[in-house]
1. Looking at the range 439-493, which of its residues are surrounded by fewer than 20 Cβ atoms within 10 Å (Cβ to Cβ) and small (Gly, Ala, Ser)?
2. Go through the range 89-122 and count every residue that is over 17 Å from THR29 (Cα atoms) and out of contact with any Asp or Glu (no Cβ under 9 Å at 6 or more places or on another chain).
3. Pairs, please: C-beta under 8 Å, at least 6 apart or cross-chain, first residue assigned by TED's automatic domain parsing to the domain that holds GLN362 and in the range 402-428, second outside any loop (DSSP other than H, G, I, E, B) and exposed (fewer than 14 other Cβ atoms within 10 Å of the Cβ)?
4. Quick one: how many residues across the range 267-303 are touching a residue at least 24 places away in the same chain (Cβ under 8 Å) and either of a type in the set (Lys, Arg) or assigned to a strand (DSSP E or B) (or both)?
5. Residues ALA253, ALA243, ALA222: which one is small (Gly, Ala, Ser) and either surrounded by fewer than 16 Cβ atoms within 10 Å (Cβ to Cβ) or assigned by TED's automatic domain parsing to the domain that holds PRO165 (or both)?
6. ARG313: basic (Lys, Arg) and part of a strand (DSSP E or B), yes or no?
7. All but one of (1) touching a residue at least 60 places away in the same chain (Cβ under 8 Å); (2) farther than 18 Å from CYS232 by Cα hold for ILE324; which doesn't?
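The values are calculated or read from the model by the stated rules, or taken from the named source; none is laboratory data. These figures come from a predicted structure and were not determined experimentally. Positions of Cβ are backbone-derived with ideal geometry, glycine not excepted, and every protein chain shown enters the neighbour counts.
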Amino acid sequence: MARASFFLDFLLATPVKGPQPVSPAVRATMLATMVSGSRSLVLAGTAAIFLASVTLIQLEQRWALFWLICEVVALAARIGLIQVYTHRNQITPTLPHRWAAAYAPFSALACLLQGSGTIMCVFSTHTPLASLALMTIAGTLGGVASRNSVLPRLAVFQLFLGILPIGIGAAIRYGDGYWILIPPLFLYLAAMTLVVKRHYTGLIALMMAEQRNAELVARFDAALMHMPHGLCTIDEDGKVIIANRKAAELFGATVEVLKLNVSLPEFIGQVGLAKFGDAFRKQLMDRCARWLSHDGRSLDLNLGDGDYLEMTRNPVPDGSSVIIIQDVSERRRLEAEMRHRALHDPLTGLPNRRYLSDRVGQLLGEPMESQAMDLAVMYLDLDGFKSVNDLYGHSAGDEVLKGVTDRLSLTMHDAEMIARLGGDEFVIVFHGRSTSEAATLSRRIIEDVSQPYALSNGIQAVVGTSIGIAFAVRAESFEMLMNRADTALYKAKTSGKSTFHFWDAHDMRVS
């Protein structure tokens, strides 16, 4: 039994040249072809049964009857195996090796039977019958070389069994002139062996190439479905032909709502409908349509709640385009944070000098009628702040600066801007107030800032502030306005501190 099993495994082997063996999937496919599809088998078997029947009728010999019975049994057994395997495989995928191993002995037996019957027909001296027998076995063995080339060793073994009885018979009746059959038999066997080899080599190369392509497709599909960005491809007509799961998830939808063979605006509107409703869906479609009609490379979509998507279009030479959809919420948050840091003081959170310069420059650039000639800046410098730093440390100074910021924000809540220039210097920008109103505000600021600050170390720190005030004049720059306010601050400092001064156009300071 062990030797028989080994021999069957040898016949059912799928050898291949080169370092890469035949994969189990390809081998299973090749074995399955042996026990799948019985049409060619029925035709060849019917031809053999017909030949045996004609032989029995013409010669009326018992061996012809035995041959006919054996041919019928061999054909019925092979068809039965194929039918059972096919039925079971339709219900549950079934490995074909066991069924191919059961099929192989019957296929080999059929060739041996037909070869034996053929040489008997030749020996009968019935010329038409001999011709029919030789023609039938030649066709049958040719079919074997083609159909069973997926298992080359089995195919060659069947060819050998089909020719062997003819060769032995010709050798036994050598003196009767049958020796002339021997050379063509060897040539025929060699030719059919080459056919098997050629078919097998081409078939194995094709099947392994298909498997590699299938693996590449599977990997591409896996990468497409699990890539971190949404991706869809639109053809030259603007229809979405490929889309991955992430394209739906980025809009809060599921893969089931993906709709292909529609325009990109309709595709985007469909995936955005479930989460954002019909009104926002129409906005998405309109923006997407406008974006496609222009040459813009990216489209930013604000989905609300801090969620941002960016769509980019990448043209392909064949006229199609690849659309990449990215979640840029974190990028936008970081960009906003970086912009805020660039324009704000990190300690107090107030606008810094750069932000102040930009904003005041905008206000100065507006028509004077809209400002009513009353845009002004208060330049504040804390009095006694250096002593707080020296006595209690910089952390105490930071607490004081934060406290000053809070008090200024409460006092000047309707100001255009409160900014920190650095150190202990602050600027308040306001408009719509008269000189007397500005003076009243200055006194209130000085009073509020001068109140004690309870520090975390239990100490109360006291600082004051001096204020220089300058109203804007026509065609003035930010630097000129700040220089005048600084001059007024210097005058306030030299006048006793904790006071304020206005800069006037005639270099006169009014307190």
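1. ALA439, SER450, ALA454, SER456, GLY458, GLY464, ALA475, SER477, listed by residue number.
2. Result for the range 89-122: 15.
3. THR411/ARG444; ASP424/LYS386
4. Total satisfying the criteria: 3.
5. Details: ALA253 fails: either surrounded by fewer than 16 Cβ atoms within 10 Å (Cβ to Cβ) or assigned by TED's automatic domain parsing to the domain that holds PRO165 (or both); ALA243 fails: either surrounded by fewer than 16 Cβ atoms within 10 Å (Cβ to Cβ) or assigned by TED's automatic domain parsing to the domain that holds PRO165 (or both).
Residue meeting the stated conditions: ALA222.
6. Numbers: basic (Lys, Arg): yes; part of a strand (DSSP E or B): yes.
When the stated conditions are applied, ARG313 passes them.
7. (2)
Conditions tested, residue by residue: (1) exposed (fewer than 15 other Cβ atoms within 10 Å of the Cβ); (2) β-branched (Val, Ile, Thr); (3) within 12 Å of the chain's Cα centre (by Cα).
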residue: LEU206; (1), (2), (3): yes, no, no
residue: GLU215; (1), (2), (3): yes, no, no
residue: MET227; (1), (2), (3): yes, no, yes
residue: GLU236; (1), (2), (3): yes, no, no
residue: ALA247; (1), (2), (3): no, no, yes
